Amino acid sequence: MRLPLVITVAAAVAASVFQVSEAGTTDHRYKKDEHIELWVNKVGPYANPQEAYEYYKLPYCAPDTKHHPDTTGGAGRWNEWKSLSMGEHLGGHSLRHSGHDILFLSKSKEPETCTTKPLTLLEADQFAKAIQHRWFYQMYLDDLPVWGMVGEMLPKADSFNLKEKDDLERLDHISELDDSQVGDLHPYVYTKRNLIISYNNDQIVKVDLTSDPKSLVQVKEGAKLDFALHVQFETTSDEFHTRFDRYLDHEFFKHPIHWFSVFNSFMMVLFLMGLVALILLRTLKKDYARYGLIHDLEDGEDEDEKDAMLHDKVEDAGWKQVHGDVFRAPSTLPLFAALIGTGWQLVVLTFGVILFAVLGPVHGEVHEERGKMMQAILICYAFSTIVSGYMSGRYFKQYYPTVARSSKISGPNNLWQLTMGLTVVLLPVLTVLIFSVLNFVAILYGTMNSIPFSVILKLFFLYVFVSVPLCVVGTLLGRHSSNGTASSFPCRVNAIPRPIPQDVPWYGKPSGLIPLAGLLSFGSIFIELYYVLTSLWNYKFYHVYGFLFGVYAILTIVVGMTSIIVVYFCLNAENYLWQWTAFGSGASTSVYVFLYGIYYYIFKTQMHGFLQFCFYFGYMSLIALNLGLLCGTMGHAAASRFVRAIFNNVKVD
């Protein structure tokens, strides 16, 4: 097996699939009268982030400049598509040249104008619906985003004055109108835009866009709309490296509640660690003493004393009675091994992506470049499949001998192939199914969130020529590794399974303990979850990855501690099927995350419509699925160490 060759080929394929998207100029430096590209991105309702359409979905006109294709001798750049990376496409970006001829530090004070043809009834209705439902548009200049409003619903435009400093702030303060609320209001569209570009020496630091309330024109059939863009340059003392700070909303993300939530989670960790320490230092100590006493009595000569002590001490012997079954393979071993392998891949993937984001000051902040985070996730996923293959292969090798004596199971080669196949396809198939539905809905509605065929082809190549080979290599490495063999178990596995008692209290049943374990784990992350969801659905740039890294560490500890407690109580009830129980203890966190997602959708957003409903709950399903695999694997890992530790320290016949 030529592992270096496989990794080299995988790296070459990944390098050919991914491409780096550059800004208008690679160093963001401009000379006087150098052209600055203004790209139009999307339009859509502000309440529905995924309901985004191409800019010219609305009947806007193009500026009458040399870039207009109808201009004699013009370059024809209007409507030219910008080359985007795969991460940008998956992030829902679709940049087209605006056609505006903006020159750096130009002294021209004449706005660039254009006039639409007389609006048809359909075009007038498009504008009217967009204004009623609070549509906005987004542009990019030198990789800085700007947002603008389409228009206002007003009884008349004469006395209207903006109270906000720009269109983005205005969008946060207004709401959509139902048909019943329109009444005597009429749609007015903004026809004049002011673009203020602040610069420091030869670099652009800030871009603001405001719509002139005096330019509001009522939308109606047959009207001609005269659009104008006025560009103004201003000097600023702000440094170039701080230009994204204004988008980060430090007041929101670094609110005292955010700090308090981390402190609260830390206190929960201390409580759970204390509880586990109590189990380990007191309860287990008594158990060990009891078992030691039993063996001492078995060596003694006083039969009456031995019978009396055994009756008093052994009646509730608990977890030691299952020593012959506790290391029995879990049911559906190939599936469970694939889940564990995929979970470990997600553990590594999450750690790697968060670490990459935390090191933003070294390689460039992830929020400063479109699609950079998505690109990092794809790369980490593609190369971390070797981890999933290795861990699933090693886990299967470890437990297969405990079931190999059964005559009803398939041959070892068939089970190995099944384990490897499940590890390769399990998570990708579920993800593709969800995205296929979302892509179909996006195409049906004509939004720009549909994934282009070229990107689908690249993802397919990345999966077939990078992920699959690395997963296969990892499985073979796990199968032939010297670690994790069945002989390493502290206890032998009995040939005949022991019956599991059914008449046990609720705290001895997995069905009673697993929901409580998930609730504790969810309690340690739900505040941070609010900030993450707000970033995903409310146009905020998430940038406090130090908080996220700390919460990830806390979640790891809490999931591990709760799984250990659940497994201990189940073993004490003589239930030796602890593997699925431990996995379920961690994975149950995802159920609460999904339920919180429902609460967030209803009470924290103004989302509406079938398209946004599908995208929201499609993404929440993916989040819950991946979090469940991740937490389930961490819970199983902690419980596995615990079970090995306690059975390593008892005398077994």
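Are any residues in the stretch 605-649 more than 21 Å from PHE489 (Cβ to Cβ) and at pLDDT below 95, and if so, which ones?
Within the stretch 605-649, THR605, GLN606, MET607, HIS608, GLY609 qualify.
Regarding PHE327, is this residue aromatic (Phe, Trp, Tyr), modelled with pLDDT of 80 or more and under 30 Å from ILE379 (Cβ atoms)? Walk me through how you get there before you give the answer.
Values: aromatic (Phe, Trp, Tyr): yes; modelled with pLDDT of 80 or more: yes; under 30 Å from ILE379 (Cβ atoms): no.
Considered against the rule, which asks whether it is aromatic (Phe, Trp, Tyr), modelled with pLDDT of 80 or more and under 30 Å from ILE379 (Cβ atoms), PHE327 comes out as no.
Kindly evaluate SER450 against the criterion of being surrounded by fewer than 16 Cβ atoms within 10 Å (Cβ to Cβ), of a type in the set (S, T, N, Q) and either under 22 Å from PHE615 (Cβ atoms) or out of contact with any Phe, Trp or Tyr (no Cβ under 7 Å at 6 or more places or on another chain) (or both).
No, not satisfied.
Got a number for residues in the stretch 236-270 being surrounded by fewer than 13 Cβ atoms within 10 Å (Cβ to Cβ) and closer than 29 Å to ASN572 by Cα?
Here the count works out to 2.
Quick check on the stretch 206-226: of everything there that is part of a loop (DSSP other than H, G, I, E, B) and of a type outside the set (Asp, Glu), which residue is surrounded by the most Cβ atoms within 10 Å (Cβ to Cβ)?
VAL219
Suppose we filter SER467, SER524 for residues that are within 25 Å of the chain's Cα centre (by Cα), within 19 Å of TYR381 (Cα to Cα) and crowded, with 20+ Cβ neighbours inside 10 Å; which single one remains?
Result: SER467 is the single residue among SER467, SER524 that is within 25 Å of the chain's Cα centre (by Cα), within 19 Å of TYR381 (Cα to Cα) and crowded, with 20+ Cβ neighbours inside 10 Å.
With respect to ALA517, determine if the residue is modelled with pLDDT under 90, aliphatic (A, V, I, L, M) and out of contact with any His (no Cβ under 6 Å at 6 or more places or on another chain).
In short, no.
Which of the residues that make up the stretch 420-433 are touching a helix residue (DSSP H, G or I) at 6+ places or on another chain (Cβ under 8 Å), among the hydrophobic types (A, V, I, L, M, F, W, C) and surrounded by fewer than 17 Cβ atoms within 10 Å (Cβ to Cβ)?
Listed by number, the list holds a single entry, LEU430.
Cβ-Cβ below 6 Å, separation at least six or inter-chain, first residue in the stretch 35-61 and surrounded by 22 or more Cβ atoms within 10 Å (Cβ to Cβ), second acidic (Asp, Glu): which pairs?
Qualifying pairs under 6 Å: GLY44/GLU51; PRO45/GLU51.
Go over the candidates SER265, SER261, SER211, SER237 one by one and state the one that is more than 33 Å from the chain's Cα centre (by Cα) and more than 26 Å from GLY99 (Cα to Cα). Spell out the reasoning first.
Working: SER265 fails: more than 33 Å from the chain's Cα centre (by Cα); SER261 fails: more than 33 Å from the chain's Cα centre (by Cα); SER211 fails: more than 26 Å from GLY99 (Cα to Cα).
Result of the check over SER265, SER261, SER211, SER237: SER237.
Name the pairs whose Cβ atoms lie under 7 Å apart, with the first residue in the stretch 604-624 and without any contact (Cβ under 8 Å) to a residue 60 or more places away in the chain, the second in a helix (DSSP H, G or I), and 6 or more positions between them or separate chains?
Note: pairs meeting the criteria are MET620/PHE594; MET620/GLY597; ILE623/VAL593; ALA624/SER590; ALA624/VAL593; ALA624/PHE594.
Let me spell it out: the conditions are (1) part of a loop (DSSP other than H, G, I, E, B); (2) at pLDDT 90 or above, and HIS28 meets all of them except one. Which number is the exception?
Result: HIS28 passes all but (2).
How many residues are part of a loop (DSSP other than H, G, I, E, B) and at pLDDT 90 or above if we restrict to the stretch 42-86?
Here the count works out to 11.
What number goes with the only condition from (1) assigned to a helix (DSSP H, G or I); (2) touching a helix residue (DSSP H, G or I) at 6+ places or on another chain (Cβ under 7 Å); (3) at pLDDT 90 or above that ILE443 does not pass?
It is condition (2) that ILE443 fails.
Residues in the stretch 105-152 that are part of a helix (DSSP H, G or I), among the charged types (D, E, K, R) and buried (at least 18 other Cβ atoms within 10 Å of the Cβ): how many?
Counting residues in the stretch 105-152 that are part of a helix (DSSP H, G or I), among the charged types (D, E, K, R) and buried (at least 18 other Cβ atoms within 10 Å of the Cβ) gives 1.
Would a scan of the stretch 157-165 turn up a residue that is surrounded by fewer than 20 Cβ atoms within 10 Å (Cβ to Cβ), at pLDDT below 70, under 38 Å from the mean Cα position of the chain (by Cα) and of a type in the set (A, V, I, L, M)? I'd like the intermediate steps shown before the answer.
Of the residues in the stretch 157-165, the ones surrounded by fewer than 20 Cβ atoms within 10 Å (Cβ to Cβ) are 157-165.
Filter again for at pLDDT below 70, leaving 157-165.
Next cut, under 38 Å from the mean Cα position of the chain (by Cα) only: 162-165.
Narrowing further to those that are of a type in the set (A, V, I, L, M): 162.
Yes, the stretch 157-165 contains at least one residue that is surrounded by fewer than 20 Cβ atoms within 10 Å (Cβ to Cβ), at pLDDT below 70, under 38 Å from the mean Cα position of the chain (by Cα) and of a type in the set (A, V, I, L, M).
Return yes when SER482 is surrounded by fewer than 18 Cβ atoms within 10 Å (Cβ to Cβ) and free of Cβ contacts under 8 Å to residues at least 40 places away in the same chain and no when it is not.
Here the answer is yes, as SER482 does meet what is asked.
Restricting the first residue to the stretch 390-405 and requiring it to be among the basic types (Lys, Arg), which pairs with a second residue that is modelled with pLDDT of 85 or more meet a Cβ separation below 6 Å and a spacing of at least six or different chains?
ARG394/GLY478; LYS397/ARG479
LEU555 - would you say it is surrounded by fewer than 23 Cβ atoms within 10 Å (Cβ to Cβ) and assigned to a helix (DSSP H, G or I)?
Against the criterion (surrounded by fewer than 23 Cβ atoms within 10 Å (Cβ to Cβ) and assigned to a helix (DSSP H, G or I)), LEU555 does not qualify.
If I ask for residues that are part of a loop (DSSP other than H, G, I, E, B), over 8 Å from VAL205 (Cα atoms) and not acidic (Asp, Glu), which ones from the stretch 238-255 would you list?
PHE244, LEU248, LYS254, HIS255
Of all residues in the stretch 349-368, how many are surrounded by fewer than 19 Cβ atoms within 10 Å (Cβ to Cβ) and in contact with a Ser or Thr (Cβ under 8 Å, 6 or more places away or on another chain)?
1
The values are calculated or read from the model by the stated rules, or taken from the named source; none is laboratory data. The structure presented is a predicted model; accordingly, all values stated were derived computationally and were not measured. Cβ coordinates were reconstructed from backbone atoms using ideal geometry, including for glycine residues, and neighbour counts include every protein chain displayed.
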